[in-house]
1. Please verify whether the range 284-296 includes one or more residues that are within 16 Å of Leu191 (Cβ to Cβ), without any contact (Cβ under 8 Å) to a residue 24 or more places away in the chain and either touching a Leu at 6+ places or on another chain (Cβ under 6 Å) or surrounded by 15 or more Cβ atoms within 10 Å (Cβ to Cβ) (or both).
2. Of all residues in the range 87-113, which are acidic (Asp, Glu) and more than 28 Å from Thr48 (Cα to Cα)?
3. Consider Lys94 carefully, then state whether it is modelled with pLDDT of 95 or more, surrounded by fewer than 17 Cβ atoms within 10 Å (Cβ to Cβ) and in the same structural domain as Val218 (by TED's automatic domain parsing).
4. Please specify each residue of the range 122-133 satisfying the condition of being surrounded by 12 or more Cβ atoms within 10 Å (Cβ to Cβ) and more than 12 Å from His166 (Cβ to Cβ).
5. I'd like to check which helices (runs of 4 or more DSSP H) are fully inside the range 1-119 and have at least 3 residues that are more than 16 Å from Tyr183 (Cβ to Cβ) and touching a Lys or Arg at 6+ places or on another chain (Cβ under 9 Å).
6. Can you work out which of the residues in the range 18-43 that are more than 18 Å from Arg107 (Cβ to Cβ) and among the small types (Gly, Ala, Ser) is surrounded by the fewest Cβ atoms within 10 Å (Cβ to Cβ)?
Amino acid sequence: MVHPAVIAVVGPTGSGKSDLAVSLALELDGEVINADAMQFYRGMDIGTAKISMAERRGVPHHLLDTLDVTEEASVSDFQQLARQLIDNIHSRGKRAILAGGSGLYIRAALDILEFPGTDPHIRKQLETDLEEEGSQALLARLRQVDPVSAARLSDARRIVRALEVHQLTGRPFSSFMPQREYYQPAVQIGLAVDREVLRDRLARRVHRMVEGGLLEEVRRLDAAGLRRGKTAPRALGYSQFLKVLDDGATVDEATEETIVATRQFARRQLTWFRADPRISWLDWQDPELLPKAVHLVKTQPGT
């Protein structure tokens, strides 16, 4: 049985990916697979702009609310789960539609991408080294064995991961970087934004989150172990509003920090997705967005 191409709706945060994915699902008899890493977490609803039941309009959604905030999100786990879901959805005669702005997660589902394993003992030793020596010392160590990754990485967690992979496999972390080759047929639709309009929209969205109870949500998740997690407490809004709970910032200061961080994140997302020539871009505010997206899906090879 020949399955149709996977559809992926991508773009920066706040561009309307979830809405378009739902509309495509209704038009093409599809189901949506979440590819936003922070929306995996139960209870992280306001700060991640998680799509509500009403907004889903009856369309089945997968991989929402699958992790506790104390658990670590894993790209390799997502790859396995997403591909199983894609196969299952297609086997039932439906269309699988990925939606999200986590670029690496999108590529993990769509592209030929190998993930090296992990070793808790190596990881623990490297994390100890990080605490004792600092990230610059570990970066210098990485530069000796994997200069390509060392030139790209600045985040301490990713430096630790690159060193772990080298120790575990004998190969540089950079050798595992994906090629732009689909694992199975796919169509990627990108939402092209007016950056100034998006800047204002993101600011208004953060203010709505705060008015909607973001601080209370962070307080509730903090009691549930948010700070013990490795991924969840770094989410936009959550890291900033944890400072409010610690009396390290006011609500207004945390709100402004969240707006700035969200705008920076949107720029990084655009840079990531713009680098992929396979994405077909549509104007996010085009009144004919849905029919144009449907046309793209129906006219690309393998669909």
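The values are calculated or read from the model by the stated rules, or taken from the named source; none is laboratory data. Just so we're clear, the structure is a prediction, and the values are computed from it rather than from any experiment. We place every Cβ from the backbone using ideal geometry, glycine too, and count neighbours over all the protein chains shown.
1. Here is the first cut: in the range 284-296, the residues within 16 Å of Leu191 (Cβ to Cβ) are 284-296.
Among the residues that remain, those that are also without any contact (Cβ under 8 Å) to a residue 24 or more places away in the chain are: 286-288, 291-292, 295.
Those still in the list that are either touching a Leu at 6+ places or on another chain (Cβ under 6 Å) or surrounded by 15 or more Cβ atoms within 10 Å (Cβ to Cβ) (or both) too: 292.
Yes, some residue in the range 284-296 is within 16 Å of Leu191 (Cβ to Cβ), without any contact (Cβ under 8 Å) to a residue 24 or more places away in the chain and either touching a Leu at 6+ places or on another chain (Cβ under 6 Å) or surrounded by 15 or more Cβ atoms within 10 Å (Cβ to Cβ) (or both).
2. The initial filter retains those residues of the range 87-113 that are acidic (Asp, Glu), namely 87, 111.
Selection gives nothing.
3. Details: modelled with pLDDT of 95 or more: yes; surrounded by fewer than 17 Cβ atoms within 10 Å (Cβ to Cβ): yes; in the same structural domain as Val218 (by TED's automatic domain parsing): yes.
Yes: the conditions hold for Lys94.
4. Arg123, Gln125, Glu127, Asp129, Leu130, Glu133
5. So the answer is 17-28.
6. Gly43
Residues checked against (1) surrounded by fewer than 18 Cβ atoms within 10 Å (Cβ to Cβ); (2) in contact (Cβ under 8 Å) with a residue 40 or more places away in the chain:
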residue: Lys50; (1), (2): no, no
residue: Ala54; (1), (2): yes, no
residue: Pro60; (1), (2): yes, no
residue: Val69; (1), (2): no, yes
residue: Glu72; (1), (2): yes, yes
residue: Gln84; (1), (2): yes, no
residue: Ile89; (1), (2): no, yes
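Results for (1) modelled with pLDDT under 95; (2) buried (at least 18 other Cβ atoms within 10 Å of the Cβ); (3) in the same structural domain as Pro287 (by TED's automatic domain parsing), shown as yes or no for each residue.
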| position | (1), (2), (3) |
| --- | --- |
| Pro172 | yes, yes, no |
| Leu198 | no, yes, yes |
| Leu202 | no, yes, yes |
| Val206 | no, yes, yes |
| Glu256 | no, no, yes |
| Ala266 | no, yes, yes |
